[in-house]
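Beneath this line is the structure, given in structure tokens, with notes to follow.
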Amino acid sequence: MAGDTLTSSEYIAHHLTNLTYGKLPAGYVRHGEGDGGTSTLTSDSWVMAHDAKEAADMGFMAIHVDTMAWSLILGALFCFIFGRAAKHVTTGVPGGLQNFVEMIVDFIDENVKSIFTHKNAMVAPLGLTIFVWVFLMNLMDLIPVDWIPHLAGMMGIHFMKVVPTTDVNATMGMALGIFALILYYSFKEKGVGGFFAELAFQPLPKWAMPFNLFLEMIGLLAKPLSLGLRLFGNMYAGEMVFILIALLPFWGQWLLSLPWAIFHVLIITLQAFIFMVLTVVYLAMAYDSH
């Protein structure tokens, strides 16, 4: 395992670093080549980062390959499970998979109907997709922290973070997607003038338009931040606890990992539910007129 050859700080840094693909400039000195030597790039090159410094030096346009890959894999798993249940649905005695899927669908449908009182056939499927997809990504946190990174290391892969929701890029990406929907439906339902009036002429009288606009813009921009950062913060903290437990002696790992994993099941479910509920609430607010 990584902890057998690294110091505690190196071990933590290793498990919190994404597998990053990005561009390094010509003349960049790379470390860790071959038997720990160095090499200098002769031209601008797109490469996998060997360490956290290289990942940082790649800048904004770098891609977290592990986050993207696991997100897509888990999204495909969600489509496969629910698609299989829909394909084999029966009006007779349902099987276990159909029962499970129907239970989740009914649960999401009831919550959406209680929050979103307008007509939009997209909201309930969106809520279902968000809840299940985020739950599956969170669920990866229950896999022992060394298993998959160790297997990846045996294949020559430097880093492997398997919980996409511990990457702020993933959570904020989803949050910004929801924010785009909020803006779209706000303009669609209220018009440009109506949406601007909602931002500029409340809660204070109309003469306080600059103050209203300032306050309402803060509230509007807080929506994607509250979505993305809440999910990221909770999952990142949970992952950090698992990593710290992995640094303990063997008996300490077994003593603490199981109780924390049981408690964490509640966290990963609750965070998926909160992300879904807030999405529906924000879309309902986009429809509401004051």
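The values are calculated or read from the model by the stated rules, or taken from the named source; none is laboratory data. Keep in mind that this is a model prediction, so the values were computed, not measured. Methodologically, a virtual Cβ is constructed for each residue, glycine included, from the backbone with ideal geometry; neighbour enumeration extends over all protein chains shown.
Might you check whether a residue that is touching a residue at least 40 places away in the same chain (Cβ under 8 Å) and under 22 Å from T129 (Cβ atoms) occurs anywhere in segment 82-95? Within segment 82-95, one or more residues are touching a residue at least 40 places away in the same chain (Cβ under 8 Å) and under 22 Å from T129 (Cβ atoms). The residues on offer are A69, A26, A85, and the sole one that is surrounded by 11 or more Cβ atoms within 10 Å (Cβ to Cβ) and over 30 Å from D106 (Cβ atoms) is A69. Out of G191, G177, G156, G173, one residue alone is at positive phi and part of a helix (DSSP H, G or I). It is G191. If you filter segment 135-168 down to residues that are out of contact with any Pro (no Cβ under 9 Å at 6 or more places or on another chain), within 30 Å of D106 (Cβ to Cβ) and hydrophobic (A, V, I, L, M, F, W, C), you find that the one that is surrounded by the most Cβ atoms within 10 Å (Cβ to Cβ) is V163. Checking T129, T166 one by one, the residue that is β-branched (V, I, T), at pLDDT 95 or above, touching an Asp or Glu at 6+ places or on another chain (Cβ under 6 Å) and closer than 19 Å to L77 by Cβ is T166 and no other. Scanning segment 116-140 for residues being over 21 Å from L231 (Cα atoms) and among the aliphatic types (A, V, I, L, M) gives a total of 2. Of the numbered criteria (1) under 20 Å from V162 (Cβ atoms); (2) more than 19 Å from the chain's Cα centre (by Cα), the one P259 fails is (1).
Out of all the residues in segment 233-246, is one or more of a type in the set (V, I, T), out of contact with any Gly (no Cβ under 8 Å at 6 or more places or on another chain), farther than 30 Å from L142 by Cβ and in a helix (DSSP H, G or I)? No, segment 233-246 contains no residue that is of a type in the set (V, I, T), out of contact with any Gly (no Cβ under 8 Å at 6 or more places or on another chain), farther than 30 Å from L142 by Cβ and in a helix (DSSP H, G or I).
Quick grid of which residues meet (1) exposed (fewer than 14 other Cβ atoms within 10 Å of the Cβ); (2) in contact with a Leu (Cβ under 6 Å, 6 or more places away or on another chain); (3) modelled with pLDDT of 90 or more:
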site	(1), (2), (3)
K188	yes, no, yes
P203	yes, no, no
M240	no, no, yes
I262	yes, no, yes
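The set of residues from segment 169-186 being surrounded by 18 or more Cβ atoms within 10 Å (Cβ to Cβ), within 12 Å of the chain's Cα centre (by Cα) and polar (S, T, N, Q) comprises just one member, T171. Could you give every pair whose Cβ atoms fall below 8 Å, whose first residue belongs to segment 190-211 and is within 18 Å of L283 (Cα to Cα), and whose second residue is not in a helix (DSSP H, G or I), counting only separations of at least 6 or pairs across chains? Pairs found: K190/S289; G194/S289; E198/S289; E198/H290.
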